[in-house]
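First comes the structure, then the notes that go with it.
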């Protein structure tokens, strides 16, 4: 089965500036891929190329059907209600989902009780969730989300995480451009890190992290074994117990996604 998104050697120049220098990236059906990188790395350019808003200088992108898209900076008319906003975008997307689709999407993003509230009366976080709802109109097989949780409080981010997990179960592919590494680590199957217009690292969060040793809490204090790996933990505990130590807790440490990210983009 073809990937939901296949970007091959995508390049983009603006005058003398190389925004993308040959990025290749795929997102399979039902896969959540996090797109990470510092400001100006080329992430938003790649997303805009994927959804057809920007033409690449070279390279190709192929997608499965019409994608749903939420821009990082968007604005809905203040005088429209949440329900009217989705109705307007249904017409733009030629969706025949009608009232049932609008009600389902507002429920999914936690705005069912705000369907008659005008956009101008909504908080930034509510508008952000409404933006995610409009990206889902027409049941696209691919969602391109550019910083979708940047304005959300912890409860709103949890709602979005659960929604993304539900979409994964339905076979929907998601490319999630975000600065929130903790969110990406929690929800994404794979991570792609872009720096200076190039793909500098890719893999699952576990693949990108590295072993960080074994830490053991004993009656005599914390003992660190920085070179040890997970498989060494049982022997370490046996040796400590044989030496008369009381062992209370064992932790196998790994570097975080943040560590991997900083190393990949060259910011120690």
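The values are calculated or read from the model by the stated rules, or taken from the named source; none is laboratory data. Since the structure is predicted, the reported quantities are computational estimates derived from the model, not experimental observations. Neighbour counts run over all protein chains shown; Cβ positions are idealised from the backbone, glycine included.
For residues in segment 225-257 being without any contact (Cβ under 8 Å) to a residue 40 or more places away in the chain and assigned to a loop (DSSP other than H, G, I, E, B), which is nearest to the chain's Cα centre (by Cα)?
Going through the qualifying residues, I end up with 229.
From 5, 25, 20, grab the single residue that is in contact with a helix residue (DSSP H, G or I) (Cβ under 9 Å, 6 or more places away or on another chain), crowded, with 22+ Cβ neighbours inside 10 Å and closer than 25 Å to residue 258 by Cα.
So the residue among 5, 25, 20 that is in contact with a helix residue (DSSP H, G or I) (Cβ under 9 Å, 6 or more places away or on another chain), crowded, with 22+ Cβ neighbours inside 10 Å and closer than 25 Å to residue 258 by Cα is 20.
Yes or no, residue by residue, for (1) part of a helix (DSSP H, G or I); (2) touching a residue at least 60 places away in the same chain (Cβ under 8 Å); (3) over 25 Å from residue 178 (Cβ atoms):
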site	(1), (2), (3)
75	no, no, no
90	yes, no, yes
94	no, no, yes
105	yes, no, no
110	no, no, no
126	yes, no, no
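Looking only at segment 199-224, count how many residues are part of a strand (DSSP E or B) and surrounded by fewer than 16 Cβ atoms within 10 Å (Cβ to Cβ).
8
Somewhere in segment 1-11, is a residue under 16 Å from the mean Cα position of the chain (by Cα), closer than 20 Å to residue 135 by Cα and outside any loop (DSSP other than H, G, I, E, B)? Before you say what the answer is, go through the steps one by one.
Within segment 1-11, the first condition is being under 16 Å from the mean Cα position of the chain (by Cα), and the residues that meet it are 4-5.
The next check asks that each one be closer than 20 Å to residue 135 by Cα; those that pass are 4-5.
From what is left, the residues that are outside any loop (DSSP other than H, G, I, E, B) are 5.
Yes, segment 1-11 has at least one match.
Every residue, every condition in (1) crowded, with 21+ Cβ neighbours inside 10 Å; (2) closer than 22 Å to residue 90 by Cα, yes or no:
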{"site": "129", "(1), (2)": "yes, yes"}
{"site": "134", "(1), (2)": "yes, yes"}
{"site": "143", "(1), (2)": "yes, yes"}
{"site": "149", "(1), (2)": "yes, no"}
{"site": "154", "(1), (2)": "no, no"}
{"site": "174", "(1), (2)": "yes, yes"}
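Taking the stated definitions as given, is residue 138 under 25 Å from residue 34 (Cβ atoms), at pLDDT below 95 and either in a loop (DSSP other than H, G, I, E, B) or more than 18 Å from the chain's Cα centre (by Cα) (or both)?
Numbers: under 25 Å from residue 34 (Cβ atoms): yes; at pLDDT below 95: yes; either in a loop (DSSP other than H, G, I, E, B) or more than 18 Å from the chain's Cα centre (by Cα) (or both): yes.
Criteria met by residue 138.
Report the residue count in segment 31-53 for those that are in contact (Cβ under 8 Å) with a residue 40 or more places away in the chain and either in a helix (DSSP H, G or I) or not assigned by TED's automatic domain parsing to the domain that holds residue 64 (or both).
So in segment 31-53, the residues in contact (Cβ under 8 Å) with a residue 40 or more places away in the chain come out as 31-38, 41-44, 46-47, 49-51.
Filter again for either in a helix (DSSP H, G or I) or not assigned by TED's automatic domain parsing to the domain that holds residue 64 (or both), leaving 43-44, 46-47, 49-50.
Count: 6.
Kindly indicate which of 186, 167 is in contact (Cβ under 8 Å) with a residue 12 or more places away in the chain, surrounded by 17 or more Cβ atoms within 10 Å (Cβ to Cβ) and either part of a strand (DSSP E or B) or assigned by TED's automatic domain parsing to the domain that holds residue 45 (or both).
None of the others qualify; the one that does is 167.
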